[in-house]
Each structure stands twice: as C-alpha cells, then as structure tokens.
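Asker: Starting off with a structure, shown below.
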Amino acid sequence: MNKVVIIGCGNVGMSYAYALLNQKNSVNELILIDLDEKRIEGEVMDLNHCLSFAPSKIDIKKGNYSDCNDAKIVVIAAGANQNPGETRMDLINKNSEIFKSIVDNVMASGFNGVFLVATNPVDVMSYLVYKYSKLPFNQVIGTGTSLDTSRLRYLIAEKLTINPKNIHAYVVGEHGDSEFVLWSSGYVGTQKINDFLTNDEKEEIYSKVKNAAYEIIDRKGATYYGIGMCLVKITDAILNDKNCVITVSNYIPEYDIYIGLPMVIGSNGIKKRLKVQLDKEEIEKMKVSIKVIKDAINGL
C-alpha cells in the first residue's frame, strides 16, 4: 500500500494533491491533515469528485497523525506563505516554531517512511525535520532547488527553441537568493551549454530564475503550481524506485546543513549524492550559500 500523507493543505499542499490526481501514479491512499478540518472535508469531497476522470484510482480521505504510521511518504507543506517583499529566510521564525510539534506527532505514530519537506526556508526546515525526527538523513528530503532547476531549463529551452527535457543544467545551493547555476557543467543534449549562450544571456536567465518567485508573488500572491509538480516528481521517484537525478535538499555531513544538490532518488529516499565539479567562481558561490544556511540555522 502506497500511502501518502499531506500535512498542511493550503495552496502548496492542494496543488500537489491535484497534480497527483491528474497523473498516472502509484499512490493508493492520500490523507489530508490540516488545522482547518471543515475546509479539508470540502477539499476531500472536491478531489474525490474528480476520480471518474482521473488516470489512477486513489483513496482520498481526511485524516490525523495516527494515519502516518504506515505511510510511505509524509509531505510537510504547513507554514506561512512568503508575502510580497519577504525573502524565504524571513519565514524562518514563523515556520520553525510549528515544526517540532508536527514532527513529534508524526514520529509518535511509528512513522518510518520518507519525509518530503516543501515549507520555506526549505533547507533550514528540512534540517529541523532531520534533527527532530532522528531518522537517517536519506529519509528526510527537502524540495531544494528542484523548482529553480525546472525554471532554469524552461528559460534556456525557450531561448534556444529546444525541448526542456533535453536541457541538462542545474541550480544548486540554498533555495533562495544565494542559489546559483552550474553553468560549467551544463549541457544541451551532448554539447556544452556555454557554446549556446553568451555571458550576458546566462546572467539574464539566472536573474529571471532567482527572481521568479518574487515576480509571481507580486502578481498573484503566492507560488504553488510549480512546487506541486516538483513534489509529484519526487514522489514518483520514491514510490517507483526510479533512481531519478533531482536537485533536492539533503544533509551534507561535512557542513552539518541541508542544501540543494543533484541527488539520486529511489525507494528509500536519497540513494546517492552525485559528485559536482565546480569551477573557481562556483566554489566561491557555494561557500556563500553554505554560510547563508549555516547562519540561519545558528540563529534559531
């Protein structure tokens, strides 16, 4: 039985649930948990009414923390939204306060699956889930820079008129203002990406990626469809043991932080961290990103 539990069913949690419902997947049971139980009853009804047209049969229910006992994945999407003018790091005090209670309740159920964290600042929140749960780090995954990487590939593909599935480039580091693109190891098909883009074009694309969330929040108040799809991609990799390479946030023992890097994801969560070759400029950018995350953790 592939049971998935969503804790926090606001814009992100429900975008994930709806994206899951619209794709053929291996989820048998989907449990929604939120403080607003009346609204969750409505969400469950609304989703169930889609099932006759959905590609997969999913048993969708309102639940509580005891339902986490036999869950394969618990997705945490609870927390405050990023408001116009706020950075993801501005959310740290708002969201860190509720996480210990959530994790303690999940672990009290006997849960031993994979935590998938979407709440911002996701690197710090994932670190807290890892510390509070005491699970092996491979079982605690943050969405990291998966959405930033998706945005990057879309923008490069649009620029070059090439299918984004054939763009092999990654955003790494903090899911925030210190993230950066691994231009030195980016490819279009089998050809180096630097053969296609000038420095000015790369800088323009990077700026659009980094500021995408701010632009969306300014226009519609929040971002949620993109991260919902990222959560589905990661869920599929876990439930079907796909060994996909995705830039998620995971624990780096040498720095005692969570940070976004290309990881191989399969049935038990993180299977392997891929080796990343950085040029001199990227090494300095990584140092900055590590410091930003470490300072945020130390400031809690």
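Each reported figure results from applying straightforward, stated rules to the coordinates on display, with no laboratory input. On a predicted model such as this, the values are computed, not experimentally measured, just so you know. Quick reminder, even Gly has a Cβ in these numbers, built from the backbone with ideal geometry, and neighbours come from all protein chains shown.
Asker: Please list the non-local residues whose amide H lies under 5 Å from the amide H of Glu179, H modeled 1.01 Å from N, same-chain partners needing a gap of 5 or more.
Answerer: Glu174
Asker: Under unit Cβ charges (Lys, Arg +1; Asp, Glu -1), what dipole magnitude, rounded to 20 debye, does the stretch 3-142 have relative to its Cα centre?
Answerer: For this selection, approximately 320 debye.
Asker: Going 7 Å from the Cα of Ser66 along its beta-carbon direction, which residues of the stretch 1-36 have the amide nitrogen within less than 17 Å of the resulting point?
Answerer: Residues 31-34 fall inside that zone.
Asker: Let me ask you something else. With the dipole of the chain worked out from charges on the C-beta (+1 for Lys and Arg, -1 for Asp and Glu) around the Cα centre, which of Val4, Asn243, Met229 lies farthest toward the positive end?
Answerer: Asn243
Asker: While we're here: Could you sort the peptides 91-103, 196-208 by per-residue average Cβ neighbour count (10 Å cutoff), highest mean leading?
Answerer: The packing order, highest mean first, is 91-103, 196-208.
Asker: About its Cα centre, how strong a charge dipole does the chain have in debye, to the nearest 20, once Lys and Arg get +1 and Asp and Glu get -1 at the Cβ?
Answerer: 700 debye
Asker: Kindly provide the pair-distance distribution of the stretch 146-298 built from C-alpha pairs, with 10 Å bins from 0 and whole-percent values in order of increasing distance.
Answerer: 11, 38, 39, 12, 0
Asker: If you don't mind, another one. State, to one decimal in nm, how far the label point of Asn211 lies from the label point of Lys94, with both points 7 Å from Cα in the Cβ direction.
Answerer: Computed distance between label sites Asn211 and Lys94 equals 2.3 nm.
Asker: Rounded to whole Å and sorted largest first, list the principal axis extents of the Cα atoms in the stretch 3-142.
Answerer: Principal-axis extents of the Cα atoms in the stretch 3-142, largest first: 42, 37, 26 Å.
Asker: So, R0 is 35 Å and r is the distance between the beta-carbons of Asp195 and Asn240; what FRET efficiency does that work out to, to 0.05?
Answerer: 0.50
Asker: A further question on this structure: In the structure shown, do any of Lys202/Lys272; Lys3/Lys57; Lys38/Lys94; Lys165/Lys233 have a Cα-Cα gap over 18 Å, and if so which?
Answerer: Beyond 18 Å between Cα atoms: Lys202/Lys272; Lys38/Lys94.
Asker: Could I ask something else about it? Top mean-square fluctuation among Gly176, Gly260, Gly85, Gaussian network model of the chain, C-alpha springs under 10 Å?
Answerer: With Cα springs under 10 Å in the chain, the top fluctuation among Gly176, Gly260, Gly85 is at Gly85.
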